[in-house]
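Only one structure is covered here, and it is reproduced in the block below.
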Amino acid sequence: MKNQLKRVLIATGMGAILGIFCIIGQSQRMPLNPNPNATIYLLAAWYNRVIMGMLIGFAGEWFLLKNKPRLNSVVRGAILGTVVSISFGLLQQRIEIMYFFAGIVWGLLNDLITTTLMNRILKKSHLE
């Protein structure tokens with residue numbers, strides 16, 4: 001349980017950090033005179049990435065490819081990134097292809113980094 005909590009915290013933190021990059025990318029594509037809800041929109045995009053990170057954190061025990069742990073985390077992260085990004089992308093009044101593809105990339109990066117860090121933490125704890 002303790003390791004699961006560590007994984008959730010790492011992945012959620014990664015989601016918050018990657019969400020900042022998401023805000024930067026989204027703000028670059030907004031018109032010069034954004035609507036009054038632009039701040040809320042950008043906050044929602046960031047929050048979407050935080051939720052993605054939390055979901056990736058909880059999914060540490062999902063094994064899609066049993067004998068390939070690194071590839072498993074890439075595929076799992078890409079799938080979860082897709083699922084979460086679709087939820088936000090469907091709320092737009094236009095198709096957000098860049099947001100969708102960024103979600104796939106952020107999802108796989110988040111899962112890959114989180115899994116790598118957790119493996120190092122687990123190895124270190126076994127050596128002590």
Report summary line: Asserting the computed 222 nm helical MRE of the chain (DSSP H runs at least 4 long, -39500 (n - 2.57) per run, divided by residue count, to nearest 500) equals -27500 deg cm²/dmol
Query raised in the report: Roughly how tilted is helix 2-28, in degrees to the nearest 10 and between 0 and 90, from the longest Cα axis of the chain?
Result: 30
Report task. Tell me the label-point distance for the pair Ala16, Tyr47, using the 7 Å Cα-to-Cβ offset, in nm and rounded to one decimal. Result -> 1.6
Report summary line: Each label sits 7 Å from Cα toward the beta-carbon; between Phe63 and Leu91 the label points are separated, in nm, by 3.6
Query - Angstrom value of the Kirkwood radius, inverse mean 1/r, which spans all Cα pairs in the range 2-127 - result: 15.0
Report summary line: Computed ³J(HN,Hα) along the range 42-51: with the Karplus parameters 6.51/-1.76/1.60, θ = phi - 60°, integer Hz and x for glycine or proline, the list is 5, 5, 5, 5, 5, 4, 4, 6, 5, 4
Query raised in the report: Out of every Cα-Cα pair in the range 1-76, what percent are more than 14 Å apart?
Result: 67
Query raised in the report: Met30 to Arg70: FRET efficiency via 1/(1 + (r/R0)^6), r the Cβ-Cβ distance, R0 35 Å, to the nearest 0.05?
Result: 0.45
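Read-outs throughout are calculated quantities, based only on the coordinates presented, and are distinct from any laboratory measurement. Remember, it's a predicted structure, so these values are computed and weren't measured experimentally. Reconstructed Cβ throughout: ideal geometry from the backbone, glycine too, with neighbour counts over all protein chains shown.
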